[in-house]
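Here is the structure we will look at, set down as structure tokens.
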Amino acid sequence: MGHINSSKPNILKIKALNLFLIALILVAGAYYLVGINNLVVKGFKLQELKKQEQVLATENQEVTARKVALESYQNIEGRLADLRMVAIDKMEYLTVNEDVIAKR
């Protein structure tokens, strides 16, 4: 009968080890699911940001094209009359002698 009593502690040790391994597997599985969920969320966010980048790049090109159009000579020349400015026909530069400039 002593032989039967010695097998009960071994069975208890095996059951405890099995319970520990099951708990470990469950915790590792939960950790894995949380990690995969975070990766999926970051992937969707990255995809959304890439779409937003494309929209902003398109808007930037449109704004740049509009800026170039507004800075064009024909557009500025057309607005001169509205602003009551005179168009430049010819330029004359003044030449100043160094003797006329005040020196310290």
Listed candidates [x] -0.82, -0.88, -0.93, -0.98; [y] -0.97, -1.00, -1.02, -1.05; [z] -0.64, -0.72, -0.81, -0.89 - label of the one calculated as log10 I(q)/I(0) by the Debye sum over Cα atoms at q = 0.16, 0.17, 0.18, 0.19 Å⁻¹: [y]
Taking the chain and counting helices only, DSSP H stretches of n ≥ 4 at -39,500 (n - 2.57) each over all residues, the nearest-500 ellipticity at 222 nm comes to -28000 deg cm²/dmol
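The numbers here are math on the coordinates, done by the rules we state, and not lab data. None of these values were measured; they are calculated from a predicted model.
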